[in-house]
Amino acid sequence: MAIGIERRQLAGLPIAVATLSHATERLCDWAIAGQPGDVHLINAYSVALADSDSEYRQSLSGAFCNFPDGKPLSWATALSRTPLSQVRGPKIFEDAMSQGRARGVRHFLLGSTPETLEALQSSLESRYAGVQIVGSESPPFRTLSEEELTDQDSRIRGLNPHIVWVGLGTPKQDYEVARLAKSGFLAVAVGAAFDFSAGTKPEAPAWMTKVGVEWVFRLASEPRRLWRRYLFGNLRFMWALVVNVAR
């Protein structure tokens with residue numbers, strides 16, 4: 001369980017009650033303290049997937065920390081005693097890069113393509129002078145063998161990062177940060193944050209994010225890949241909320 005973070009249940013999952021600034025501060029605290037753990041950024045799709053996949057649900061239920069990424073989670077708890085404040089993955093990623101500099105936080109980037117990782121590191125280092133990115137790796141787009149995973153972990157451990165940021169897409173990245181946590185790392189699953197920060201994919205305008213329609217922009221940008229997620233995922237999310245309240 002995450003240290004210094006209050007949690008509440010939403011659709012049967014433990015979600016952190018924290019503002020973005022509080023979440024960033026706690027993440028840097030855990031990093032400097034050498035605290036291992038898997039950190040997830042949970043949105044409506046995550047909740048929907050957990051409702052339909054018991055293995056995924058079990059993984060998130062036992063996570064070190066689940067931050068609420070996505071306006072629907074905030075809306076669903078707005079009238080409760082412990083409403084959730086949105087902690088967007090791309091924003092906590094950028095804020096940790098910025099604020100971590102003063103505390104000497106070292107970062108490792110795992111996921112995406114070599115081209116995106118190169119652009120990402122260049123972008124971060126140009127915008128956050130003094131940021132410590134100790135390494136990056138683009139794993140093959142397939143299931144790695146135990147030997148390959150052991151070798152990967154050894155390479156990461158040799159660079160001694162405080163945080164391993166993982167951008168492999170949901171749910172793959174969530175399983176990977178859980179695995180990395182068991183190997184002694186503090187690992188954070190951040191989804192599309194790599195692409196947004198590198199500039200390889202467009203990010204929704206700030207006003208769309210603020211009013212909770214970022215998904216419309218993303219769907220319009222990648223309709224073939226995302227239409228099922230938003231059509232069926234949003235319906236399943238609402239169903240999960242209703243069913244778990246009924247219980």
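So for the range 88-156, considering every pair of alpha-carbon atoms, how many percent are separated by more than 21 Å?
32
Please provide three numbers in whole Å: the alpha-carbon extents of the range 1-138 along the principal axes, with the largest listed first.
The Cα atoms of the range 1-138 stretch 41, 29, 26 Å along their principal axes.
Calculate how steeply helix 172-182 sits against the longest principal axis of the alpha-carbon atoms of the chain, using the helix alpha-carbon long axis, and give the answer as 0 to 90 degrees to the nearest 10.
Rounded to the nearest ten degrees, it is 60.
Once the Cα gyration tensor of the range 1-63 is found, what semi-axes does its equivalent ellipsoid get, as square roots of 5 times the eigenvalues, in whole Å, sorted largest first?
Semi-axes from the Cα gyration tensor: 23, 13, 9 Å.
So what are the ³J(HN,Hα) numbers for the range 70-77, from phi and the Karplus equation (6.51, -1.76, 1.60; θ = phi - 60°), rounded to whole Hz, Gly and Pro as x?
x, 4, x, 5, 5, 4, 5, 10
Computing the accessible area with a 1.4 Å probe over protein heavy atoms, can you report the carbon and sulfur percentage for the chain?
55
Could you tell me which of THR19, SER46, CYS65 has its Cα farthest along the dipole of the range 1-95 towards the positive end, charges placed at Cβ (Lys, Arg +1; Asp, Glu -1), taken about the Cα centre?
Most positive-ward Cα: THR19.
Taking the Cα centre as origin and putting +1 on Lys and Arg beta-carbons and -1 on Asp and Glu beta-carbons, what dipole magnitude results for the chain, to the nearest 20 debye?
About 780 debye.
Could you calculate the contour length gain from THR150 to SER52, that is, 0.36 nm times the residue separation minus the distance between their Cα atoms, to one decimal place in nm?
My answer for the length gained is 32.2 nm.
Taking every pair of Cα atoms in the range 84-218, average 1/r, invert it to obtain the Kirkwood radius, and report Rg/Rh to two decimals.
That ratio equals 0.96.
Excluding ligands and nucleic acids, what accessible area in Å² is computed for ARG106 using a 1.4 Å probe, to the nearest 10?
60
Whose amide H sits under 5 Å from the amide H of SER85, counting only residues 5 or more places off or on another chain, with H placed in the peptide plane?
Under 5 Å from the amide H of SER85: ALA18.
Rule-of-thumb check for the chain: C-alpha Rg over 2.2 N^0.38 Å?
For the chain, the normalised Cα radius of gyration comes out at 0.96.
I need the phi-derived Karplus couplings for the range 117-133: 6.51 cos²θ - 1.76 cosθ + 1.60, θ = phi - 60°, integer Hz, Gly and Pro marked x.
Result, ordered by residue: 4, 5, 5, 5, 5, 4, 5, 5, 5, 6, 8, 10, 4, x, 5, 9, 9 Hz.
Label 7 Å along Cα→Cβ of SER74; the range 92-120 residues with amide nitrogen under 15 Å?
The answer is 92, whose backbone nitrogens lie closer than 15 Å to the label point.
What residues have an amide H closer than 5 Å to that of LEU186, excluding those fewer than 5 places away on the same chain, when H is modeled at 1.01 Å from N in the peptide plane?
Sorted by chain and number, the residues that satisfy this are GLY37, VAL164.
To test your reading of the geometry: what angle, between 0 and 90 degrees and rounded to tens, separates the Cα axis of helix 20-33 from the longest principal axis of the chain?
For helix 20-33, the angle is close to 40 degrees.
Looking at the chain, what % of its DSSP beta bridges pair antiparallel, to the nearest 5?
Just about 20 percent of them are antiparallel.
Can you list residues from other chains, or at least 5 along the same chain, whose modelled amide H is less than 5 Å from the amide H of ASN43?
Here the answer is ASP69, since their amide H atoms fall under 5 Å of that of ASN43.
The values are calculated or read from the model by the stated rules, or taken from the named source; none is laboratory data. Remember, predicted model here, so these are calculated numbers, not experimental data. Neighbour counts are summed over all protein chains in view; Cβ atoms, including those assigned to glycine, are modelled from backbone coordinates with ideal geometry. Side chains included, ligands, DNA and RNA excluded: accessible areas come from the protein's heavy atoms. Shrake-Rupley method; radii C 1.70, N 1.55, O 1.52, S 1.80 Å.
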